[in-house]
Amino acid sequence: MISIRMNDKFLKPYNPGEVEGRIYELWEKSGYFNPDNLPPRHEKPFTIVMPPPNANGDLHAGHSLVITIEDIITRFKRMRGYKALWIPGADHAGFETQVVYEKKLEKEGRSRFGMDPQELYKEIYKFTLENKHNMENQIRALGASCDWSREKFTLDPDVVKKTQKTFVKMFEDSLIYRGKRTINWCSKHQTSLSEVETESSEEITPFYYFKYGPFEIGTVRPETKFADKYVVMHPDDARYSQYKHGDTFEVEWINGPIMATVIKDEAADMEFGTGVMTITPWHSQIDYEIRERHGLDAEQIIDWRGKLLPIAGEFVGMNIKDARPKIVERLKEKGLLLKVDENYKNVVKRCYKCSTIIEPQIKDQWFVKMEPLAKKAIESVDNKNIRFIPDNYEKIFRYWMNNTIDWNISRQIVWGIPIPAWFHEPKCIPKTEREKDMAKCKEIIVSEEEPICKFCDAKYIRDPDTFDTWFSSGQWPLFVTDYPDGKDFKTYYPTDVMETGQDLIFKWIPRMVIFGLYLSGKDPFHTIYLNGMVNDAHGKKMSKSKGNVINPTTLTEKYGTDALRMALVVGNTPATDLSLREDKVKGYKNFANKLWNIARFTMSQHNEGELKNSLVEEFNALAKDVTTDMDNYRFYLAAEKIYAYIWHRLADEIIEESKKDSSILPTTYYLLQNCLKLLHPFMPFITEEIWQELKNKESLLMIETWPT
RNA sequence: GCGCUCUUAGCUCAGUUGGUUAGAGCGUCCGCCUCACACGCGGAAGGUCGCAAGUUCGAAUCUUGCAGAGCGCACCA
């Protein structure tokens, strides 16, 4: 008979604050976060890539959920004997971080405009590194068993180099082009944005009807209309059959008479308004398309700051918001305003960071041709090479992939990876008379190296733009496994599970699939597990302005990390939003203490002898059931089942029974050990702490064999 | 406008391919400081599973319609 001497600390309630740091250190020192150090039984690799958190602030509740789920998966797989690798990272988060930093500058009474770009870059770099360090510690505090030795930052030199290389390759494969197209322009941030960086909402805007020569036209944007010289109607519109395509006529307009031309195009909706519209190709996507079809002129009306250009005559320099009512007033004075519909519902696009109304502009930018890439991604889903949890997200993924718009990857910000493109500015002037083959001089060169003009020896000027952050993070599973020649790439790529927030279904997931397929020919992962958003106790979105933000650190300090982890997981089904309530966390703190006391009692009793078969079998059935849940990503059920067993079966019934029938004592000791194993992925700290006491610090629960 | 999801006890949510008296946590009520634990123990109340119809031997679970909520997408000037 062995009786374990109780450590003094077991006489007090469980104190997570005292335990967690020490246990994490024990794990880190063991080296087992790095799968290369795991014992030989861990043969088959299993890989998860951590969605790199933005290194521009503290982790929020959503991050804790992501980290918790991924840690549960990793720990489970590790105990099951996999060579489990979870690769951490940090994201420079281009535009996001630049916006955060611009706000900081604003507070200090400074502005990015007018700053030396390199100086600005250095400042943001320093800011980001500090945050990155802070963030890593917060991830540690959550118990993450990720391999820090493999950590990557999205601005690491190799990442930058590989990103640029991909750009060059895609350019050579004709998947990237530079072109003038309608882009989403934020006049505040002075950059173009992709579709996913804008937010559309329905708003009520006055709709004006104006007299335009013999026609009546409608618009919500009178301030763009100065140069509208094309009047468009549907070719089949009988009301206007007397007007022929190409007819010209003079109209009295905002600043005097202009020559107008009739254009017949099917884009004009006969049902809408009067069926007639004028177009502003520079500031509207549809208008631009009409322009393309008929080879029309396009003129910029609004500058990059959102102010009117000289074409606006006396309105020049006015902010468009202020100009609108004045222009309407002018048209009214001239008798050209016919009526106003005050209740018109209109879709307005805004910058997702500052809510400034997006101004469509025409600009030379780099675009990725999405269609051929998206097609392959759809094939992967068709062939069941990629599975979504929950599975209805497959539909959403397909919808997006079937409706791609070419992706604008140029950003006019410094904080990002430079685009390896070079412009010959000014144009080539050959240095000798003999060089006359000017046509061969390329104005734009895409290359990782700085080119020099063969004809005039001039250095090319680098494109000052940087990449959209998703262009590099889309290649993340490749980069973190050292694509294309690294040892890890052979062992750990393709990875297994991509676990991330459901909000990234459009932003990140498709791009990883696309780049994975394009560069490696393989899907970057076979399973996509999407978690829901973490809301406040009443299911409302957390936001600073509402003041309902719950800081995970506050909760872990008060109740312990294990308690928070359980609260995040139990009953939380994939892609369903979670209402985070403090009392739930408190409940699991109580559970931690319960477990503590179970251990305390069990360890104080005799524990050697024969096991009771029926109880062992009952436990085995539970373990099997829980394992099935784990294998099927039903963590919300597995956690609840273990909880119920430990508290209401083991403690309430079996241990109580053992007080009357001491022959059960060895069995309770056995059951406790195995419960610790089942519970470890969910509550790693307390289970490891108890294990250390049980095993006299001779083994780590973290790498024990999962009971099945 | 299109799409997705949700509507189960006072609150927050489970209910894994339709199958016996629908579950959990918190909260409420009653009784207990029982020598592991009051961060605890024992017990109790509480739901016509949004509404309506259908399929079925049988539906919270499948189908349709309606109502309400949330989220996403959207170039009708």
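Read-outs throughout are calculated quantities, based only on the coordinates presented, and are distinct from any laboratory measurement. All figures in this text were calculated on a predicted structure; none of them were measured in a lab. Positions of Cβ are generated from backbone atoms using ideal geometry, with glycine treated the same way; all protein chains shown enter the neighbour counts.
Sorting the segments A:335-342, A:493-500, A:203-210 by their residues' average number of neighbouring beta-carbon atoms within 10 angstrom, most packed first, yields A:493-500, A:203-210, A:335-342.
Model label points for A:Gln412 and A:Glu656, set 7 angstrom from Cα along the Cα-to-Cβ axis, are 7.2 nm apart.
Look at the Cα gyration tensor of the stretch A:563-708: its axes a ≥ b ≥ c give a/c of at least 1.5 with a/b over b/c, and that counts as prolate. For the cross-link pairs A:Lys264/A:Lys307; A:Lys83/A:Lys695; A:Lys162/A:Lys487, the ones whose C-alpha atoms lie over 22 Å apart are A:Lys264/A:Lys307; A:Lys83/A:Lys695.
Can you tell me how the stretch A:618-701 classifies by the Cα gyration tensor, rounded, prolate or oblate, using a/c under 1.5 as the rounded cut? Taking the square roots of the gyration eigenvalues as a ≥ b ≥ c, the stretch A:618-701 is oblate. Close amide-amide hydrogen proximity is noted between A:Asn54 and A:Asp91, each under 5 Å apart and 5 or more residues distant or on a separate chain (H modeled in the peptide plane; Pro and chain starts excluded).
With the helix formula -39500 (n - 2.57) applied to DSSP H stretches of n ≥ 4, chain A reaches a computed 222 nm mean residue ellipticity of -11500 deg cm²/dmol. Each residue of the stretch A:442-457 was assigned a 3J(HN,Hα) from its phi angle through the Karplus expression (A = 6.51, B = -1.76, C = 1.60, θ = phi - 60°), giving 8, 6, 10, 10, 9, 6, 6, 9, 6, x, 10, 5, 5, 9, 10, 6 Hz with x at Gly and Pro. Here the stretch A:456-506 is treated with +1 on each Lys and Arg Cβ and -1 on each Asp and Glu Cβ, and its dipole about the Cα centre works out to around 180 debye. The shape of the stretch A:498-627 comes out oblate: with a ≥ b ≥ c from the C-alpha gyration tensor, a/c is at least 1.5 while a/b does not beat b/c.
If R0 is taken as 51 Å, the Cβ-Cβ distance between A:Asp364 and A:Asp631 corresponds to a FRET efficiency of 0.50. Quick check: Cα centre of the stretch A:539-610 to Cα centre of the stretch A:36-57, how many Å? First find each Cα centre; the distance between them is then 24 Å.
A Förster radius of 35 Å, combined with the Cβ-Cβ distance separating A:Lys188 from A:Trp400, puts the computed FRET efficiency at roughly 0.80. Taking the Cα centre of chain A as reference, the dipole from Cβ charges on Lys and Arg (+1) and Asp and Glu (-1) amounts to some 620 debye.
Electrostatic bookkeeping for A:Glu216 treats Lys and Arg as +1 and Asp and Glu as -1; over the other residues with beta carbon under 12 Å from its beta carbon, the sum is +3. Toward the positive end of the charge dipole of chain A, about the Cα centre and with charges on Cβ (Lys, Arg +1; Asp, Glu -1), which of A:Leu637, A:Thr205, A:Thr667 goes farthest? Ranked along the dipole, the leading option is A:Thr667. Ranking A:Met115, A:Thr495, A:Val347 by Cα position along the charge dipole of chain A, where only Lys, Arg, Asp and Glu carry charges on their C-beta atoms, puts A:Met115 farthest toward the positive end. Report note on the peptides A:670-677, A:287-294: ranked by the mean count of other C-beta atoms within 10 Å, highest first, their order is A:670-677, A:287-294. Comparing A:Thr128, A:Leu142, A:Leu155 along the charge dipole axis of the stretch A:86-181, the residue lying farthest to the positive side is A:Leu155, per the Cβ-charge model. Highest average first, the peptides A:296-308, A:647-659 ordered by how many other beta carbon atoms sit within 10 Å of their residues are A:296-308, A:647-659. Simple spin-label estimate for A:Lys334 and A:Glu195 gives 3.7 nm between the two label positions (7 Å along the Cα-to-Cβ direction from each Cα).
The slack in the chain from A:Ile452 to A:Asn392, taken as 0.36 nm per residue of separation less the alpha-carbon distance, amounts to 16.3 nm.
Based on Cα atoms of chain A, Rg over Rh with Rh as the Kirkwood radius reads 1.08. Apply 1/(1 + (r/R0)^6) to the Cβ-Cβ distance of A:Ser241 and A:Lys442, taking R0 = 45 Å, and write down the FRET efficiency to the nearest 0.05. Rounded to the nearest 0.05, the efficiency is 0.35. Quick check: the angle from helix A:684-694's long axis to the longest principal axis of chain A, C-alpha only, nearest 10 degrees? So the inclination is approximately 20 degrees.
Tell me which residues come under 5 Å, amide H to amide H, from A:Tyr230 once H is placed; ignore anything under 5 positions away on its chain. Sorted by chain and number, the residues that satisfy this are A:Thr261, A:Ile279.
In order along the stretch A:545-551, the Karplus-derived 3J(HN,Hα) couplings, from 6.51 cos²θ - 1.76 cosθ + 1.60 at θ = phi - 60°, round to 5, 7, x, 10, 6, 9, 8 Hz, and Gly and Pro are given as x. For the stretch A:339-431, the normalised intensity computed at q = 0.10, 0.19, 0.20 Å⁻¹ comes to -0.55, -1.11, -1.14 (log10 of I(q)/I(0), Debye sum over alpha carbons, equal scatterers, no solvent). Output the relative contact order of the stretch A:228-309, whole-number percent, from Cα pairs under 8 angstrom with separation of 6+ residues. 29 percent. Placing a pseudo-label 7 Å from each Cα along the Cα-to-Cβ vector at A:Thr553 and A:Asn597 gives an inter-label distance of 3.3 nm.
Taking 0.36 nm per residue of separation and subtracting the Cα-Cα distance, full extension of the segment from A:Glu371 to A:Trp304 would add 21.1 nm. Rounded to the nearest 20 debye, the dipole size of the stretch A:567-684 about its Cα centre is 380 debye, using +1 on the Cβ of Lys and Arg and -1 on the Cβ of Asp and Glu. Taking the DSSP beta bridges with both ends in chain A, the antiparallel portion is around 70 percent. Its relative contact order, with pairs defined as Cα atoms under 8 Å and 6+ residues apart, puts chain A at 17 percent. If you model the stretch A:598-662 as an ellipsoid using its alpha carbon gyration tensor, with each semi-axis the square root of five times an eigenvalue, the axes come out at 26, 13, 10 Å, biggest first. If the chain linking A:Lys546 and A:Lys586 were pulled fully straight, counting 0.36 nm for each residue of separation and taking away their Cα-Cα distance, it would gain 12.0 nm.
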